[in-house]
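Take a look at the structure set out below.
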Amino acid sequence: MATIMTDDSTVPVHIGIIMDGNGRWAQKRNLPRTAGHKEGLETAKRIISCAVEAGVKYVTLYTFSTENWKRTEEEVGFLMGLITRHLRAEYKFYKEHGIRIRHIGDTSRLPAAVQKEMVDAEGETADFNKMTVVLAINYGGRDELIRAMKKLASKIAVEDIREQDISTAFDVPELPDADIIIRTGGEKRLSNFLLWHSTYSELFFSDTLWPDFSNEEFLSILSDFNNRDRRFGAVKR
């Protein structure tokens with residue numbers, strides 16, 4: 001099994017995960033794509049548990065993008081139902097691991113039931129402080145930037161806008177930059193995920209389909225992260 005260093009300085013604070021491959025996982029087994037999403041939910045819980053144990057403070061899960069509305073009505077409906085059914089149903093899991101739930105994305109297009117469950121889940125977990133799990137639902141990096149600009153437009157003159165002003169206008173203003181972005185499923189692109197927060201992220205692309213993504217592979221990525229030379233634009237001396 002892969003291991004990671006235990007020194008706090010080597011543990012990433014924020015990991016973003018593009019959970020790709022649920023549909024293909026199901027199709028390989030002659031199952032409906034919805035079966036892959038169910039299995040993907042169990043993988044997400046397992047990886048979050050592993051991240052909590054490793055000392056990671058924030059995990060952002062790309063749950064449903066602004067582009068995912070292009071999928072079939074059946075699949076979109078199933079995903080929305082899955083979110084609605086499981087958000088608060090997992091309260092015991094959140095409490096056991098000290099997980100606070102937050103949301104990024106445009107809520108205006110989400111079904112009322114999803115909006116309500118999100119508000120309730122955030123409220124019920126507000127005092128948990130071991131890890132924050134951020135669910136990116138109806139989320140797109142460009143959309144988040146546009147909405148942030150609109151918020152600032154009525155408050156600050158264009159010439160006075162600073163980087164920190166933009167950050168404070170995001171859906172979760174305190175969300176730190178992502179140290180790591182992981183994408184499973186074999187694709188090697190960010191697909192409009194955390195565009196602002198990924199400026200200096202270390203990128204890890206896995207061929208593993210998300211339902212098969214193991215704790216061992218996750219810990220191997222964290223171990224690899226410890227060996228990356230992160231200069232943030234500076235020259236190594």
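The values are calculated or read from the model by the stated rules, or taken from the named source; none is laboratory data. It should be emphasised that the depicted structure is a prediction, and the values quoted were computed from it without experimental measurement. Positions of Cβ are backbone-derived with ideal geometry, glycine not excepted, and every protein chain shown enters the neighbour counts. The accessibility values were calculated without ligands, DNA or RNA, using every heavy atom of the protein model including side chains. Shrake-Rupley method; radii C 1.70, N 1.55, O 1.52, S 1.80 Å.
Which members of the stretch 163-208 meet the condition of being under 21 Å from Gly36 (Cβ atoms) and open to solvent by less than 40 Å² (accessible area, probe 1.4 Å)?
Correct list: Ile182, Arg183, Thr184, Gly185, Gly186, Phe193, Ser206, Thr208.
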message: As an exercise: evaluate Ile83 against (1) assigned to a helix (DSSP H, G or I); (2) within 29 Å of Arg142 (Cα to Cα); (3) of a type in the set (A, V, I, L, M); (4) at pLDDT 95 or above and give the number of the one condition it does not meet.
response: (4)
query: How many of the residues making up the stretch 81-105 are in contact with a Lys or Arg (Cβ under 7 Å, 6 or more places away or on another chain) and farther than 21 Å from His37 by Cβ?
result: 2
statement: Across (1) surrounded by 16 or more Cβ atoms within 10 Å (Cβ to Cβ); (2) under 20 Å from the mean Cα position of the chain (by Cα); (3) more than 19 Å from Phe205 (Cα to Cα), Glu53 clears everything bar (1)
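Each row is one residue, and each column tells you yes or no for (1) of a type in the set (S, T, N, Q); (2) more than 13 Å from Thr60 (Cα to Cα); (3) in a loop (DSSP other than H, G, I, E, B).
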{"site": "Glu159", "(1), (2), (3)": "no, yes, no"}
{"site": "Pro176", "(1), (2), (3)": "no, no, yes"}
{"site": "Leu190", "(1), (2), (3)": "no, yes, yes"}
{"site": "Phe193", "(1), (2), (3)": "no, no, yes"}
field: Qualifying residue in the stretch 18-28 (condition: in contact with a His (Cβ under 7 Å, 6 or more places away or on another chain) and at pLDDT 95 or above)
entry: yes
- request: List every residue pair whose Cβ atoms sit under 7 Å apart, with the two residues 6 or more apart in sequence or on different chains, where the first one lies in the stretch 213-227 and is within 15 Å of Gly21 (Cβ to Cβ) and the second, anywhere, is outside any helix (DSSP H, G or I).
  value: Phe213/Thr184; Phe213/Ser206; Glu217/Ser206; Glu217/Thr208
message: Being outside any loop (DSSP other than H, G, I, E, B), of a type in the set (S, T, N, Q), surrounded by 14 or more Cβ atoms within 10 Å (Cβ to Cβ) and touching a strand residue (DSSP E or B) at 6+ places or on another chain (Cβ under 9 Å) is the filter here; which residues of the stretch 99-148 pass it?
response: Thr107, Thr132, Asn138
